[in-house]
Amino acid sequence: MAKGKDVRIRVILECISCVRKGANEESTGISRYSTQKNRHNTPGQLEFKIFCRYCRKHTTHHEIKK
């Protein structure tokens, strides 16, 4: 078994549309989702198309650093 770093790590996905709007009147916040990824299978950053409750549509969510 692995004694060092864990293979599965927790990541946060953030909506890129809400981030671009910033403090716009249309968006009341920034949509964020929490998930896990396997660092051996996906060494790069995750990118999913998930429903954003602030934009009220499916938008691209990128992995952000903690």
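The values are calculated or read from the model by the stated rules, or taken from the named source; none is laboratory data. Model, not experiment: these values are computed from the prediction. Using ideal geometry, Cβ is built from the backbone for each residue, glycine included, and neighbour counts are taken over all protein chains shown. These accessible areas exclude ligands, DNA and RNA; they are computed on the full protein's heavy atoms, side chains included. Shrake-Rupley method; radii C 1.70, N 1.55, O 1.52, S 1.80 Å.
Worth pointing out:
- For the stretch 3-34, a residue qualifies if it is modelled with pLDDT under 80 and either touching a Pro at 6+ places or on another chain (Cβ under 8 Å) or open to solvent by less than 80 Å² (accessible area, probe 1.4 Å) (or both), and the qualifying residues are GLY4, VAL19, LYS21, GLY22, ASN24, SER27, GLY29.
- Here THR42 meets the list (1) modelled with pLDDT of 90 or more; (2) in contact with a helix residue (DSSP H, G or I) (Cβ under 6 Å, 6 or more places away or on another chain); (3) β-branched (Val, Ile, Thr) almost entirely, failing just condition (2).
- Across the stretch 35-66, the number of residues qualifying as within 12 Å of GLU14 (Cα to Cα), in a strand (DSSP E or B) and either in contact with a Lys or Arg (Cβ under 9 Å, 6 or more places away or on another chain) or open to solvent by 100 Å² or more (accessible area, probe 1.4 Å) (or both) comes to 9.
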